[in-house]
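Contents: one structure, followed by commentary.
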There are 2 protein chains.
Amino acid sequence: MLFAVLTNDGIELNMNTIEIIAKKREHKKLTPTEIKYIVQNYVAGKIPDYQVSALLMAIFLNGMDYEETFILTSEYIKSGEIIKFDNISKPLIDKHSTGGVGDKISIILAPIASACGIAVPMISGRGLGHTGGTLDKLESIPGFRVNYSPIEFKYLVEKNGFAIISQTDKLIPADKKIYALRDVTATVSSIPLITASIIAKKIAEGIDGLVVDLKLGTGAFIQTEEKAEELSKNLIHIGKDFNKKVNVVVSNMNAPLGVAIGNGLEIIESIEFLKGNLSKKDSHYTDLIELTYFLVAEMLLMGNIVNTIQSAYSMINKVIANGTALQKFKTFVQCQQGNPNVIDDYSLLGKAKYKIPITINKKGYICAIDSKEIGLAMIDIGAGRKVLDSKLDYSAGAKIWGKIGDEIEKDETIGYLFCNNAYGEKSAERIRNAFKITELPVKRQKLIKKIFKREQITNSTNS
Amino acid sequence: MLFAVLTNDGIELNMNTIEIIAKKREHKKLTPTEIKYIVQNYVAGKIPDYQVSALLMAIFLNGMDYEETFILTSEYIKSGEIIKFDNISKPLIDKHSTGGVGDKISIILAPIASACGIAVPMISGRGLGHTGGTLDKLESIPGFRVNYSPIEFKYLVEKNGFAIISQTDKLIPADKKIYALRDVTATVSSIPLITASIIAKKIAEGIDGLVVDLKLGTGAFIQTEEKAEELSKNLIHIGKDFNKKVNVVVSNMNAPLGVAIGNGLEIIESIEFLKGNLSKKDSHYTDLIELTYFLVAEMLLMGNIVNTIQSAYSMINKVIANGTALQKFKTFVQCQQGNPNVIDDYSLLGKAKYKIPITINKKGYICAIDSKEIGLAMIDIGAGRKVLDSKLDYSAGAKIWGKIGDEIEKDETIGYLFCNNAYGEKSAERIRNAFKITELPVKRQKLIKKIFKREQITNSTNS
């Protein structure tokens, strides 16, 4: 099996691949031809997974410089189609999040931004491991479809101003194949590999600009401020060299966002947000509201829809208050074949059989929440997936309102777990253990830690 | 294909593997259980190549400490059978070379050592890339067989005092599978991986002691003295902890050994050596003779056959002069079904159609020889193999007598290329270019650079 590639035809192929792996292993810079060779032949099935995974680990450990990352991005882009929105005059801006627990922002942000005059062509992903996926959440709406061809996607965005679909084989097949390999070989959180993957995918979407929500913290891929800064600058530089505006918002990912976690529950929370039913004064929603507003505002500023963050916030308030954001969401659900009645009848999303209280048996202050553990607990009850073909239970999930800094009494309930299988107690216990309590008061953590803007970055080669 | 392992049964398996890869990626020490888990499940086909290759690259770049290497060796050994030579009272000692160009020493050393009273159970390899393989050389003898079961191998060694066979599936399958993967993922020259591979294989052979010929130089896997010292000490330590005597001879691999390169030609040179026809005074053979004598002497000292290197050399001279070494070789060829008449009739090994002189068009002194390039030139004429199933041309090869330090005239012939295909001129040119000539005299290089002996190494944990 191992030597299947070593045919007469494959000799040169194989020899070159080994030399390229050895070069990166020795900390040397790969040439554009070498990067091209690897990407093209891997996509064509001419280089086996085991050689590419060794190279990915060498890249993970020895890095890639700016030029190598640029070429890699460029080869990713060349591997597939690029969508062109010729009939859209609005600014085409997307948001990308590096993944978190309870992160339903895309579902709320896209209709709001669209209601404010931004076209949002969003290609999203599924959940894997401890993080949830936007597509899974949307599919909890009966009938909702996410598989569309590039032409259909174009039509959807032109019609309603935004659409959220899954990646197709035609868009960046190189990234699709390499990402799947990175996922199972512990080579995900590499800055050049993340940069190429994000930028290439977004360029294929046909956007003008991109706002990245870079999650920083124990539950995220990026765990230090230095790495966050490096990745942010890299994303902005590479974007710039492909003539795309990129801004990066570094946000705290040390706790789940909002209250709902789990597919159907997050759809309800998103609709409640769009209905204007979540109060900024309710501290359980502060993080979700603050980050969503901030990210939409960045999109509106980038698209020159507004000039100040204040006018962005007023505009967002307005499209929520007058129902246009909700209407956008409704049309979106209809266009993508979902049942729009969910907006008024949440029971259409299903209801879990069991509701288990999550209580903390200690008086004090919440000082840390292991959101990765919470994400992993979701897998046990079927709200998240272990592997790509896991079946999801859309009504399973949790509502957790305990936030870092909250003072709690002994045996106070800080949330509920909702499930249909036998793992409820075990998962609830796992969530309880994810909360660290101290006796001394704890300062609330800042949600938005830093913003890196394109204008601040002048020289694209000194990264 | 990528997610083939991700069945319900494979989930835990896969998750653990990713965590183990991530751990080594983060420079952390793997536990015995983790190493065992990887080796056992990889051999059982439950972990895919692409995950193991990522782990191998992480091990290559981040290393393994002494304990991890010991456990890895131990798991390699446990993966297969161990041969026990209950009926042999002679010391069982083998020699292992890390691979070179023109290295036919095993074929000469085994009959000599055997004639001196050492039992040599040798499991050898095939050539791949620029280095030749002992088994390929032996197979140029008509009828010669190298595939034997462990029981047959035992019988052969008991009968004639030595045998040279190929690795079977039953002996160290873990090393067999992992070595094949290392070979195509640029993860060969890692000290812990080399150590485990050599020691485990040799322990499975049932030996008491091992002399390692560690090649150092541009054409070898090990290219610095520091790395050679580290590997030597590691081999000795690990051997010691498995109760095996290991000594390491570090030898210069900056030029091919002896004159003949290529399968049939090297058999002829080996027979000439055993016949006593190669003169120590002939500078073309000094390196081959010096290293062979030294390695056999190390084996005789290790086996307590002699007490001094002088008496070892006398004994070697004697078994060559009285024909017992040659007789051992003859019985060996017969036992392994080869035609013993080759000893008197070299034409049985075939004769190449073309003979192309290798001339150097510059007067001066040979200051460097790129033996890797010479090895690669051999591939083009069919004397070496690019891939494991390449067909070999046994009569193709070269005789090169130009050595580092030799003074040459303009257009002096320093060797001949022998071939049957159209690549002769191209390969001869490649060999010519492998020679670097200077105007100033060049000092001859020391062949044996260093010896690391078991007795010198006291503490097995401070490597």
Requested in this report: Quick one: with label points 7 Å out along Cα→Cβ, list the inter-copy distances for A:Asn62 in nm, shortest first?
Outcome: 1.7
Query raised in the report: How far is it, in nm, from the label point at B:Glu81 to the one at B:Gln337 when both lie 7 Å from their Cα along the line to the Cβ?
Result: 1.7 nm
Report task. Any chance you could give the angle, 0 to 90 degrees and rounded to 10, that helix A:225-241 forms with the longest Cα principal axis of chain A? Result -> 60 degrees
Query raised in the report: Using the heavy atoms of the protein chains alone and a 1.4 angstrom probe, what is the accessible area of the protein assembly as shown per residue in square angstrom?
Result: 39 Å²
**Report entry** Tensor-based shape of chain B (alpha-carbon gyration tensor, a/c under 1.5 rounded, otherwise prolate or oblate)
**Finding:** prolate
Requested in this report: Just the number, please: carbon plus sulfur as a percent of the accessible area of the protein assembly as shown, 1.4 Å probe, no ligands or DNA/RNA counted.
Outcome: 51 percent
Requested in this report: Please report, in debye to the nearest 20, how large the charge dipole of chain A is about its Cα centre when each Lys and Arg carries +1 at its beta carbon and each Asp and Glu carries -1 there.
Outcome: 500 debye
Report summary line: Across all Cα atoms of the range A:143-183, Rg and the largest Cα-Cα distance (Dmax), in Å, are 12.2, 36
Report summary line: Computed on Cα atoms, Rg of the range B:351-438 relative to 2.2 N^0.38 Å comes out at 1.08
Requested in this report: Only residues of the range B:77-97 count here: report those whose backbone N is under 15 Å from the spot 7 Å along Cα→Cβ of B:Glu158, or say none.
Outcome: B:83-90
Query - Peptides B:149-158, A:71-80 ordered by average Cβ neighbours within 10 Å, highest first - result: A:71-80, B:149-158
Requested in this report: Can you figure out the FRET efficiency of B:Asp241 with A:Asn361, using R₀ = 56 Å and their beta-carbon distance, to the nearest 0.05?
Outcome: 0.70
Requested in this report: In Å³ and rounded to a whole number, note down the convex hull volume per residue for the Cα atoms of the range B:71-125.
Outcome: 108 Å³
Query - Ellipsoid equivalent to the range A:83-186 - semi-axes via the Cα gyration tensor, in Å - result: 23, 17, 13
Requested in this report: Per residue of the range B:77-94, in order, report the coupling 6.51 cos²θ - 1.76 cosθ + 1.60 (Karplus, θ = phi - 60°) as ³J(HN,Hα) in whole Hz, putting x for Gly and Pro.
Outcome: 4, 5, 6, x, 7, 10, 7, 10, 9, 5, 8, 10, 9, 5, x, 9, 10, 10
Requested in this report: May I ask for the angle, rounded to the nearest 10°, between helix A:191-204 and the longest principal axis of chain A, with both axes built from Cα atoms and the value confined to 0 to 90°?
Outcome: 80 degrees
Report task. For chain A, calculate the relative contact order in percent as a whole number, restricting contacts to Cα pairs under 8 Å that are 6 or more residues apart. Result -> 19 percent
Query raised in the report: For the range A:30-53, which residues drop by 50 square angstrom or more in accessible area between the chain on its own and all protein chains together (1.4 Å probe)?
Result: A:Asp49, A:Tyr50
Requested in this report: Work out, in µm²/s and without decimals, the Stokes-Einstein translational diffusion coefficient of the range B:266-401 at 10 °C, 1.306 mPa s, Rh from Kirkwood over C-alpha pairs.
Outcome: 89 µm²/s
Requested in this report: Return the sequence-ordered ³J(HN,Hα) values of the range A:307-312 in whole Hz as given by the Karplus equation 6.51 cos²θ - 1.76 cosθ + 1.60 applied to θ = phi - 60°, using x for Gly and Pro.
Outcome: 10, 10, 5, 4, 5, 4
Query raised in the report: How far, in nm, would the chain grow between B:Glu429 and B:Thr224 when pulled straight, counting 0.36 nm per residue and subtracting the alpha carbon separation?
Result: 70.9 nm
Report summary line: If amide H atoms are modeled at 1.01 Å from N in the peptide plane, then the residues at a separation of 5 or more from B:Gly125, or on another chain, having amide H under 5 Å from its own are B:Thr134, B:Leu135
Query raised in the report: Suppose R0 equals 45 Å; then what is the FRET efficiency for A:Ser149 and A:Lys450 from their Cβ-Cβ distance, rounded to the nearest 0.05?
Result: 0.70
Report summary line: Given a Förster distance of 30 Å, the FRET efficiency implied by the Cβ-Cβ spacing of B:Tyr313 and B:Thr438, rounded to the nearest 0.05, works out to 0.30
Requested in this report: Quantify how strongly other chains surround peptide B:344-353 by giving the mean number of their Cβ atoms within 10 Å of each of its Cβ atoms.
Outcome: 0
Query raised in the report: What average count of beta carbons from other chains do you get within 10 Å of the Cβ of residues in A:56-63?
Result: 5
Query raised in the report: Taking only Cα atoms, what is the 0 to 90° angle, nearest 10, from helix B:49-62's long axis to the longest principal axis of chain B?
Result: 80 degrees
Query - Other protein chain Cβ atoms within 10 Å, averaged over every residue that makes up B:178-191 - result: 5
**Report entry** Translational diffusion coefficient (Stokes-Einstein; Kirkwood radius from C-alpha pairs) of the protein assembly as shown at 4 °C, 1.567 mPa s, in µm²/s
**Finding:** 41 µm²/s
Requested in this report: Rank these residues by their accessible area, most exposed first, probe 1.4 Å: B:Met64, A:Met315, A:Met122.
Outcome: A:Met315, B:Met64, A:Met122
Query raised in the report: Among A:Arg25, B:Arg182, A:Arg145, what's the order by accessible area (1.4 angstrom probe), most exposed first?
Result: A:Arg145, A:Arg25, B:Arg182
Query raised in the report: When the solvent-accessible surface of protein heavy atoms is calculated with a 1.4 angstrom probe, in what order do B:Glu205, A:Glu229 fall, highest first?
Result: A:Glu229, B:Glu205
Requested in this report: Over both sides of the B-A contact, add up the buried accessible area with a 1.4 Å probe and give it to the nearest 100 Å².
Outcome: 3000 Å²
Report task. Provide Rg and Dmax in Å for the range B:254-313, with only Cα atoms included in the calculation. Result -> 12.9, 36
Report task. For each pair in B:Lys281/B:Lys353; A:Lys275/A:Lys353; B:Lys170/B:Lys446, compute the distance between the two Cα atoms and list the pairs where it is over 29 Å. Result -> B:Lys281/B:Lys353; B:Lys170/B:Lys446
Query raised in the report: Quick one: putting +1 on the C-beta of Lys and Arg, -1 on the C-beta of Asp and Glu, what dipole do you get for the protein assembly as shown around its Cα centre, in Debye to the nearest 20?
Result: 300 debye
Query raised in the report: In terms of the Cα gyration tensor, with a ≥ b ≥ c the square roots of its eigenvalues, is the range A:312-391 rounded because a/c is under 1.5, prolate because a/b exceeds b/c, or oblate?
Result: oblate
Query raised in the report: Just the projected area, averaged over all directions, of the convex hull on the alpha carbon atoms of the range B:163-256: how many nm²?
Result: 6.6 nm²
Requested in this report: Would you tell me the accessible area of B:Ile88, worked out with a 1.4 angstrom probe on the heavy atoms of the protein chains, in Å² to the nearest 10?
Outcome: 30 Å²
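The values are calculated or read from the model by the stated rules, or taken from the named source; none is laboratory data. Predicted, not measured: the structure shown is a model, and the values here were computed from it. Backbone-built Cβ (ideal geometry, glycine too); neighbour counts: all protein chains shown. Only protein heavy atoms, including side chains, enter the accessible area calculation; ligands, DNA and RNA are left aside. Shrake-Rupley method; radii C 1.70, N 1.55, O 1.52, S 1.80 Å.
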